[in-house]
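Enquirer: Let me begin by handing over the structure; questions about it come next.
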Amino acid sequence: MHLCPGTPTPAHSTVTETHVITTTDLTKVYRSRGREVTALDGVDLHVREGEVYGVIGQSGAGKSSLIRCVNLLERPTSGTVTVAGQDLTALAGRGSRAGRELRQARSRIGMVFQHFNLLSSRTVQDNVELPLEILGKSGGERSRKALELLDLVGLADKAGAYPAQLSGGQKQRVGIARALAGDPKVLLSDEATSALDPETTRSILALLRDLNRQLGLTVLLITHEMDVVKSVCDSAALMENGRIVESGTVSELLATPGSELAAALFPLDGEASGEDRTVVDVTFQGESATQPVISQLARTYNIDISILGAAIDTVGGLQVGRMRIELPGRYEDNVVPIGFLREKGLQIDVPGHESVLVKEGAQ
Amino acid sequence: MTWSEMQPLLEQACWDTLYMVGWSTLIAVVGGLPLGILLVLTDRGGLLQNVVANKVIGQIVNIARSLPFIILMVALMTFTRWITGTTIGREAAIVPLAVGAIPFFARLVETAVREVDHGLVEAVQAMGGNTWTVVRKVLVPESLPSLISSTTTTVVALIGYSAMAGTVGAGGLGDIAIRYGYQRFETQMMWITVAILAVVISVIQFAGDYAARSLHRRGAHSGPAPKLRLLKAAS
């Protein structure tokens with residue numbers, strides 16, 4: 001069958017195996033008025049160079065604390081943060097104020113914010129020049145770089161405008177241009193699209209994706225919107241209660257039986273039509289998508305297969321097909337056909353029978 | 001009194017008032033601005049969090065603000081003599097005026113600076129800026145419209161205080177109004193000084209509001225904001 005046309009997986013040319021952001025056993029505990037709140041509970045995060053990595057979770061899951069710990073805007077209670085080979089937690093020292101070395105390291109990490117955080121008293125160009133002023137660049141160099149960046153984000157004509165005169169999407173573009181001023185290797189995005197409408201969100205995500213591809217920029221983004229992960233991320237992690245409960249590349253996640261993220265990225269509906277029926281979710285990606293497996297299955301075992309739901313989508317640049325089919329008979333009767341599908345290299349989930357499968361965290 | 005008699009007196013009084021208020025405003029801004037910013041920075045959760053320092057500065061400011069100006073002036077006489085070498089005249093009046101205005105202005109600065117969105121501070125920190133960068137590039141420029149309004153309020157308050165400076169022989173419009181208008185029953189003289197004070201204060205207030213507004217306009221609220229305000233008022 002050709003549900004998913006056999007397009008080869010688009011090359012993730014910028015992704016290398018080097019880890020550019022690593023957190024080890026990161027813990028953050030907030031203490032206020034004798035109460036302790038654990039925001040991060042032993043987080044190990046590995047972001048590879050050149051990828052777009054999404055951390056998704058509900059509000060209060062600890063995503064915001066996590067991204068703020070990466071450039072040490074928040075001091076982790078314990079654990080280490082390494083960015084581009086530099087142990088930032090070691091640079092931070094003990095005091096609450098950032099020393100010179102930490103500030104230098106921060107200037108090489110760009111950050112964009114949900115509410116843009118542009119200075120209303122400065123023009124767009126002056127906002128983009130701000131990080132360059134902090135780096136001590138000369139006036140000529142600053143304006144050349146700022147105009148170049150504004151051109152890159154498509155706002156060359158707005159250099160003299162004030163932030164209040166821009167739309168939300170334009171403000172975020174300025175925020176992105178500003179974040180790139182220090183030529184960072186890493187861009188942190190703190191819910192950068194959460195204050196924007198769906199269309200603007202798409203254009204900002206496309207911009208992030210382009211920058212990732214063109215500049216080889218590593219992007220770590222946090223979001224509560226599954227669509228964001230779906231449209232731009234190479235890898236993703238799901239956070240719950242201060243822990244990362246699932247993580248991996250999108251294809252790894254899709255290949256993980258019972259993965260919550262995979263199910264959320266690619267939801268399938270359809271209930272079993274009767275007691276004596278077995279519902280099976282089939283995930284096709286890459287090579288396996290080209291084989292006519294469903295008709296082979298029907299012919300080999302002489303069974304009738306109904307399709308309850310099916311979809312093809314692009315997730316993180318990968319074309320993926322998913323199908324929910326129904327086989328006659330109980331699960332026990334269908335062990336052989338299910339085994340046949342597995343043998344064909346497809347990923348099979350049997351809803352309600354997750355316990356049969358070993359749930360393994362893809363790393 | 002004829003106008004030719006009054007004119008030189010009034011002219012001199014105007015200059016005395018401007019002189020006293022001008023210098024003491026300058027000193028109040030130079031002293032009160034850092035003090036107000038320090039109040040914000042040392043507060044709990046601030047960039048230079050220091051609860052003890054915050055409490056101490058806060059208390060000093062509160063005490064200085066709670067003293068009526070006339071008492072402050074008398075209480076500071078020794079200090080005034082140490083600074084200016086005299087306790088009478090315009091220069092001597094500037095010292096208590098400035099000392100009284102510094103905590104007043106500092107509190108206004110504190111309020112203005114506290115209004116600055118913490119996200120902006122965070123953004124500058126994320127760029128690698130230190131506390132001084134935050135103060136210079138964020139806190140002061142972003143609160144500038146409010147700071148100008150605070151300065152206007154301080155100038156107007158200082159004009160009020162300066163009326164009492166006549167007690168130490170510093171002259172000024174308030175002094176003329178009391179000496180001629182009240183003590184010598186020169187009602188005309190009093191009404192003229194009142195008119196001059198009213199005009200001076202209106203001009204200062206207008207200029208201050210204009211400056212604050214024109215700075216603010218480039219920021220936000222250029223278009224639909226006034227309409228919204230009208231709608232709210234109507235509902």
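Enquirer: Normalised by the residues of the stretch B:37-142, what does the relative contact order come to in percent, with Cα pairs under 8 Å and at least six apart?
Expert: Values: 74 pairs, mean separation 25.8, N = 106.
Once normalised by length, the contact order is 24 percent.
Enquirer: Between A:Leu215 and A:Arg330, what length in nm is gained on full extension when 0.36 nm per residue of separation is reduced by their alpha carbon distance? Before the final figure, lay out each step's value.
Expert: Values: separation 115, 0.36 × 115 = 41.40 nm, distance 5.28 nm.
Net length gain for the segment: 36.1 nm.
Enquirer: Measure nothing fancy, just the Cα-based angle from helix B:187-219's long axis to the longest principal axis of chain B, in degrees from 0 to 90, nearest 10.
Expert: Tilt of helix B:187-219: around 20 degrees.
Enquirer: Given a cut-off of 25 Å, what percent of all Cα-Cα pairs of chain B lie beyond it? Working shown, then result.
Expert: Numbers: 14415 of 27495 pairs.
Within chain B, distances greater than 25 Å cover 52 percent of Cα pairs.
Enquirer: Separate question: Considering every residue in B:124-136, what mean count of other chain Cβ atoms within 10 Å of its Cβ is obtained?
Expert: Details: counts 5, 7, 17, 17, 15, 9, 6, 2, 0, 4, 0, 0, 1.
That works out to 6 on average.
Enquirer: Relative to the first principal axis of the alpha-carbon coordinates of chain B, what is the inclination of helix B:51-66, with its axis defined by its Cα atoms, in degrees from 0 to 90 and to the nearest 10?
Expert: Long axis of B:51-66 versus the principal axis of chain B: about 20 degrees.
Enquirer: A further question on this structure: By what distance, in whole Å, do the Cα atoms of the stretch B:43-141 stretch along each of the three principal axes, largest value first?
Expert: 53, 23, 20
Enquirer: Just checking the output field for A:112-119: average partner chain Cβ neighbours within 10 Å of each residue's Cβ?
Expert: On the way: counts 2, 5, 1, 4, 3, 10, 3, 10.
Taking the mean over all residues of the peptide, I get 5.
Enquirer: Shielding of A:159-165 by partners, i.e. mean partner chain Cβ atoms within 10 Å per residue? Show your work: numbers first, answer last.
Expert: On the way: counts 0, 0, 1, 5, 3, 9, 5.
The mean count of partner-chain Cβ atoms within 10 Å per residue comes to 3.
Enquirer: Could you compute how fast the stretch A:19-248 diffuses translationally, taking Rh as the Kirkwood radius over C-alpha pairs and applying Stokes-Einstein at 37 °C with viscosity 0.692 mPa s? Give it in µm² per second.
Expert: Values: Rh = 17.9 Å.
For these conditions, the coefficient is 183 µm²/s.
Enquirer: Quickly work out the A:Asp313-to-A:Arg97 label distance, labels modelled 7 Å from Cα along the C-beta direction, and quote it in nm with one decimal.
Expert: Each label point is offset 7 Å from its Cα along the Cβ direction, giving 5.0 nm.
Enquirer: Show me the ranking of peptides A:328-341, B:143-156 by mean Cβ neighbours inside 10 Å, starting with the highest.
Expert: Descending mean neighbour count gives B:143-156, A:328-341.
Enquirer: Between A and B, buried accessible area summed over both sides at probe 1.4 Å, in Å² to the nearest 100? Kindly include the intermediate steps, with their values, before the conclusion.
Expert: Working: alone 17000 and 13500 Å², together 28490 Å².
Separately minus together, A and B give about 2000 Å² buried.
Enquirer: So what's the Cα pair-distance distribution over the protein assembly as shown, bin width 10 Å, in %?
Expert: Reading the bins upward from 0: 3, 13, 19, 17, 15, 12, 8, 5, 3, 2, 1, 0, 0.
Enquirer: In addition: Among A:157-163, A:193-199, A:101-107, what's the highest-first ranking by average C-beta atoms within 10 angstrom per residue?
Expert: Working: A:157-163: 16.7, A:193-199: 15.1, A:101-107: 19.6.
Most protected by this proxy first, the peptides run A:101-107, A:157-163, A:193-199.
The values are calculated or read from the model by the stated rules, or taken from the named source; none is laboratory data. All of these numbers come straight from a predicted model, not from anything done at the bench. A quick note on method: Cβ atoms are made from the backbone with ideal geometry, for glycine too, and the neighbour counts reach across all protein chains shown. Keep in mind that these areas ignore ligands, DNA and RNA; they rest on the heavy atoms of the full protein, side chains included. Shrake-Rupley method; radii C 1.70, N 1.55, O 1.52, S 1.80 Å.
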